[in-house]
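The values are calculated or read from the model by the stated rules, or taken from the named source; none is laboratory data. Computed from a prediction, not measured in an experiment: that's the story for all the values here. Here Cβ is always computed from backbone atoms with ideal geometry, including for glycine, and neighbour counts include all displayed protein chains.
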Amino acid sequence: MNVETSFRKEIIYLINEVLNMGLDRDVTLWKVSSKWVNRCFNCTLEGIKTICGGKCCHSQSYYPPRAGKNGMCDFLDMEKGCLFSMEDKPIICMIYPFILNENNTLVIHHRSMNLHCKENYGSGPRFIEALRGGLEATFGKPLVDYISEATELGIDPYFEVDKNILETVRREEEWAEVSVNPQPRTKFPVESNPKDGISKVVDRLLVLRDVEEFSDLVEFVEELHENGELTEGLRFYFVYRLESITNI
């Protein structure tokens, strides 16, 4: 393992450690299973056209199709595809066949593996790359880049979930339960979610690539502490771990 890979693995471990240290915070953590993400899955446009035909969009085994009038999603055009814009498309659709299990871990829906999507397995890109467009529209490119990197290294990364995403998922689960068509996401207000000190440091760690940037990050940690955004214990932990990583 080269130095750069070792460096990034330590950063990813640090992010996981810090997020799990702050479980008393008003945040929700999800985890991504590297076991599933690293499988090949041809859920690309080409794979949908030539292999599965997008059956998850026109089979009543799935939601939103089971809320449709003719056994298919009311927002599906067989020529144009989904009629929702990326801003309005349901999150449940944008990240499928990822689903959240009871342990708040994103895994692959077993129904997709055994039914309509099974012929898509074993070819194409890694799962996360096949679904990148929807994932980036949901979580943002920096976080998806981080998840892709972490899972490629065999690590199951944790990440904080924006409260607006959680609220959207809750609404969609309620609609799915009673088979009601989803509504455009832009119909609902978006709330501001100020980030605390831990979240701000994690955001910097997500994109940290060069050991030379450590001094700036340590200064940032000290500044957050001085502003009362990090406790003395967290300030010490961050500085200690960052200094230890520079010695790998």
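Number of residues in the range 55-74 that are polar (S, T, N, Q) and touching a Ser or Thr at 6+ places or on another chain (Cβ under 7 Å) equals 0. Does Val107 count as outside the structural domain of Arg209 (by TED's automatic domain parsing), in contact with a strand residue (DSSP E or B) (Cβ under 7 Å, 6 or more places away or on another chain) and either of a type in the set (A, V, I, L, M) or not in a loop (DSSP other than H, G, I, E, B) (or both)? Criteria met by Val107.
Looking at Val201, is it in contact with a helix residue (DSSP H, G or I) (Cβ under 8 Å, 6 or more places away or on another chain), outside the structural domain of Phe41 (by TED's automatic domain parsing), in a helix (DSSP H, G or I) and touching a residue at least 40 places away in the same chain (Cβ under 8 Å)? Yes: the conditions hold for Val201. A count restricted to the range 5-44 and to residues that are aliphatic (A, V, I, L, M), surrounded by 17 or more Cβ atoms within 10 Å (Cβ to Cβ) and not in a strand (DSSP E or B) stands at 8.
Output the number of residues of the range 130-149 satisfying the condition of being over 13 Å from Met94 (Cβ atoms) and within 12 Å of the chain's Cα centre (by Cα). First the steps, then the outcome.
Step one: of the range 130-149, the residues over 13 Å from Met94 (Cβ atoms) are 141-143, 145-149.
Subset that is within 12 Å of the chain's Cα centre (by Cα): 141-143, 145-148.
Residues flagged as over 13 Å from Met94 (Cβ atoms) and within 12 Å of the chain's Cα centre (by Cα) within the range 130-149 amount to 7.
On the stretch given as the range 190-247, residues that are under 28 Å from the mean Cα position of the chain (by Cα) and of a type in the set (Gly, Ala, Ser) total 3.
Going by the structure shown, is Leu234 under 18 Å from Glu17 (Cα atoms), part of a loop (DSSP other than H, G, I, E, B) and either in contact with a Gly (Cβ under 7 Å, 6 or more places away or on another chain) or touching a residue at least 24 places away in the same chain (Cβ under 8 Å) (or both)? The answer is no for Leu234. Scanning the range 23-46 for residues that are at pLDDT below 85 and touching an Asp or Glu at 6+ places or on another chain (Cβ under 8 Å) gives a single hit, Arg25. Residue selection: Thr168 fails the criterion of being modelled with pLDDT of 90 or more, surrounded by fewer than 17 Cβ atoms within 10 Å (Cβ to Cβ), outside the structural domain of Glu17 (by TED's automatic domain parsing) and over 25 Å from Met21 (Cβ atoms).
Just one of (1) assigned to a loop (DSSP other than H, G, I, E, B); (2) aliphatic (A, V, I, L, M); (3) farther than 22 Å from Leu45 by Cα fails for Met86. It is (3). Looking only at residues in the range 177-192 that are part of a loop (DSSP other than H, G, I, E, B) and surrounded by 12 or more Cβ atoms within 10 Å (Cβ to Cβ), the one that is modelled with the lowest pLDDT is Val190.
Please indicate, with yes or no, whether at least one residue in the range 125-139 is at pLDDT 90 or above, touching a Pro at 6+ places or on another chain (Cβ under 8 Å), within 21 Å of Ser85 (Cβ to Cβ) and of a type in the set (S, T, N, Q). There is no residue in the range 125-139 that is at pLDDT 90 or above, touching a Pro at 6+ places or on another chain (Cβ under 8 Å), within 21 Å of Ser85 (Cβ to Cβ) and of a type in the set (S, T, N, Q).
Just need a number here: residues in the range 129-144 that are in contact (Cβ under 8 Å) with a residue 24 or more places away in the chain, surrounded by 15 or more Cβ atoms within 10 Å (Cβ to Cβ) and part of a helix (DSSP H, G or I). The qualifying residues number 7. Sub-6 Å Cβ pairs linking a first residue in the range 172-186 that is at positive phi to a second residue that is in a helix (DSSP H, G or I) and of a type in the set (A, V, I, L, M), at least 6 apart or interchain, are Ser179/Ala67, ordered by first then second residue. In the set (1) touching a strand residue (DSSP E or B) at 6+ places or on another chain (Cβ under 9 Å); (2) polar (S, T, N, Q); (3) surrounded by fewer than 16 Cβ atoms within 10 Å (Cβ to Cβ), the condition left unmet by Thr151 is number (3).
Residue pairs whose Cβ atoms lie under 8 Å apart, separated by 6 or more positions or on different chains, with the first residue in the range 61-72 and outside the structural domain of His109 (by TED's automatic domain parsing) and the second assigned to a loop (DSSP other than H, G, I, E, B) and at pLDDT 85 or above, do not occur.
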